[in-house]
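Note sheet for the following structure.
The values are calculated or read from the model by the stated rules, or taken from the named source; none is laboratory data. Owing to the predicted nature of the structure, the values given are computational and were not obtained by experimental measurement. All Cβ positions, glycine included, derive from the backbone under ideal geometry; neighbour counts span all protein chains shown. Accessible surface areas use protein heavy atoms only, side chains included; no ligands, DNA or RNA. Shrake-Rupley method; radii C 1.70, N 1.55, O 1.52, S 1.80 Å.
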Amino acid sequence: MPASVILGAQWGDEGKGKITDLLSEKADMVVRYQGGNNAGHTIVVGDDKFALSLIPSGVLYPTVTPVIGNGCVVDPKVMLEEMDTLTRRGIDPSRVLLSGNAHLIMPYHRKLDAVIERYLGDAMIGTTKRGIGPAYMDKYSRFGIRVQDLFDPKIFREKLEVALKDKNKQLVKVYNQLPLDVDDIYNEYMGYAERLADHITDTSLVVWQAVRDGKNVLFEGAQGTLLDIDHGTYPFVTSSNPTAGGAPVGSGIGPKEIDHVIGVVKAYISRVGTGPFPTELDDEIGDRLIDIGGEYGTVTGRKRRCGWLDTVALRYAVRVNGLTEIALTKLDVLSHFDTIKIATAYRSGDEIFTEMPRQQRVLYTCTPEYEEHPGWGDDISQMTSYDQLPPAARSYVERIEEIAGVPITTVGVGPSRAATLRR
Ligand code: GDP
Ligand code: IMO
Ligand code: MG
């Protein structure tokens, strides 16, 4: 697997952290290509649990170089805190590399994220309030401040002054907030510059060299396909491209360098925040999925909305990402259900949709068409090979594989590294 993208095929929290960590054992480099500390990737090793937000999940292996690519937005305070936490826990983060072209999340981005959400009221997106959207807005409106600007204090100061003049106007006049002080931000960020200096490099070159040398390079997506700014349920999405096309752009290599695209798919589905969700279970079954699946946000602690697996969305994810394989996670959670459903189409009036509807409004009003599968009842969380799974569990997995048209190569039966069945 010289160059493989690992990405979320749903609305995030599919178990990307666990799968990336698992594949990192044989990897040389793990590259984050988009998003920022809105991500929460959980890795469980024995009794230890790590929740990573910005640092790539390969960091737990001393043989892996973790890279934060140009497509990410970086809150330097969070990055340094995360590295400090890892150090305290015996993990050496000194190998982490950061692109000078990545954009900085500034204090006004965090503040605007929070006040814009409040202003939107019922129309809110339910963001993580980490400043992600406002930071990407500045990037695309060319008001952004990049990591490399930290090392050119005069330019940093000039850019900060221009940006802050505009942001303070918004904060004060539109959102009725207190203005932020330029000196405070300048001094704070100059302090980060000193500590980050050793990590900054031309990551595009480093990643390209690794790929060219035949090293195993993983590109770790954050969020998921349905949260993609172009291909997701806009506007209830994040502000970047978690889909596979984001990987070459967000890391600075050509698309032909990517060999595999692994979609991480939860055996059911969840979403945090607002937006349409055809298979959402607003009932006792949904509550059980939340409870048994431990479906609480890693970043914000919010309860995740849960529902049955949606294979219209899954086939869409196979298509827009060009998935070459699937890692199916959390199959063990379904052991507690007598009947398990899979949505295979959406019905809206007389119309049946087997592909994602062109008009998004259908997602709000449609009724999913389900096929039912018998549960298996047995605890599968200690099983160590795919063949040990009860026939009903295998037939569930194989039915998903048939619908997706892509091999399911990995099946997760618990949070830990060990609870993984390879096929
Ligand atoms: P990510 O954002 O895609 O990395 O996923 P999160 O870490 O936010 O959420 C996935 C949750 O499911 C975490 O708590 C994982 O420890 C857990 N998890 C991952 N794979 C499995 C699995 O196969 N079974 C169970 N029971 N839990 C899993
Ligand atoms: P991982 O990588 C699930 C959701 C937020 C909100 C929307 C926009 O752990 O899968 P943002 O703060 O990005 O502007 O919020 O996207 N969201 C996620 N949901 N998992 C994530 O990351 C998410 N990152 C953002 O809840 O609905
Ligand atoms: Mg998560």
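Values for this structure:
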| read-out | value |
| --- | --- |
| Identity of the residue in region 350-376, open to solvent by less than 30 Å² (accessible area, probe 1.4 Å) and touching a residue at least 60 places away in the same chain (Cβ under 8 Å), that ends up nearest to Ala404 (Cα to Cα) | Pro368 |
| Test: residue in region 61-70 that is assigned to a strand (DSSP E or B), within 16 Å of ligand 3 (Cβ to nearest atom) and hydrophobic (A, V, I, L, M, F, W, C) | no |
| Flag if Thr42 is more than 23 Å from Val249 (Cα to Cα) and either touching a residue at least 24 places away in the same chain (Cβ under 8 Å) or not in a loop (DSSP other than H, G, I, E, B) (or both) | yes |
| Selection count where residues are among the polar types (S, T, N, Q), open to solvent by 30 Å² or more (accessible area, probe 1.4 Å) and within 27 Å of the chain's Cα centre (by Cα), scope region 332-349 | 1 |
| Residue match in region 321-341 (condition: assigned to a helix (DSSP H, G or I), touching a Lys or Arg at 6+ places or on another chain (Cβ under 9 Å) and free of Cβ contacts under 8 Å to residues at least 24 places away in the same chain) | no |
| Any hit, region 385-404, residues being more than 16 Å from ligand 2 (Cβ to nearest atom), assigned to a loop (DSSP other than H, G, I, E, B) and modelled with pLDDT under 95 | no |
| Conditions (1) open to solvent by less than 10 Å² (accessible area, probe 1.4 Å); (2) charged (D, E, K, R); (3) within 12 Å of ligand 2 (Cβ to nearest atom): number failed by Lys18 | (1) |
| Every residue from region 1-15 that is out of contact with any Asp or Glu (no Cβ under 6 Å at 6 or more places or on another chain) and either open to solvent by 20 Å² or more (accessible area, probe 1.4 Å) or away from ligand 3 (no atom under 16 Å from the Cβ) (or both) | Met1, Ser4, Val5, Asp13, Gly15 |
| Odd one out for Ala247 among (1) assigned to a strand (DSSP E or B); (2) within 14 Å of the chain's Cα centre (by Cα); (3) of a type in the set (A, V, I, L, M) | (1) |
| Single residue of Leu80, Leu86, Leu60 found to be away from ligand 2 (no atom under 16 Å from the Cβ), in contact with a Leu (Cβ under 8 Å, 6 or more places away or on another chain) and either farther than 18 Å from Arg304 by Cβ or open to solvent by 30 Å² or more (accessible area, probe 1.4 Å) (or both) | Leu80 |
| Options Val67, Val30; residue that is away from ligand 2 (no atom under 16 Å from the Cβ), surrounded by 24 or more Cβ atoms within 10 Å (Cβ to Cβ) and at pLDDT 95 or above | Val67 |
| Lone unmet requirement of (1) within 16 Å of ligand 1 (Cβ to nearest atom); (2) buried (at least 22 other Cβ atoms within 10 Å of the Cβ) for Tyr108 | (1) |
| Contacts under 6 angstrom Cβ, first residue in region 271-299 being of a type in the set (Lys, Arg), partner within 12 Å of ligand 2 (Cβ to nearest atom) and at pLDDT 95 or above, 6 or more apart | Arg271/Trp11; Arg271/Phe277; Arg271/Arg305 |
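Residue-wise test of (1) of a type in the set (Ser, Thr, Tyr); (2) more than 26 Å from Pro242 (Cβ to Cβ).
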{"site": "Tyr136", "(1), (2)": "yes, no"}
{"site": "Arg146", "(1), (2)": "no, no"}
{"site": "Asp166", "(1), (2)": "no, yes"}
{"site": "Val174", "(1), (2)": "no, yes"}
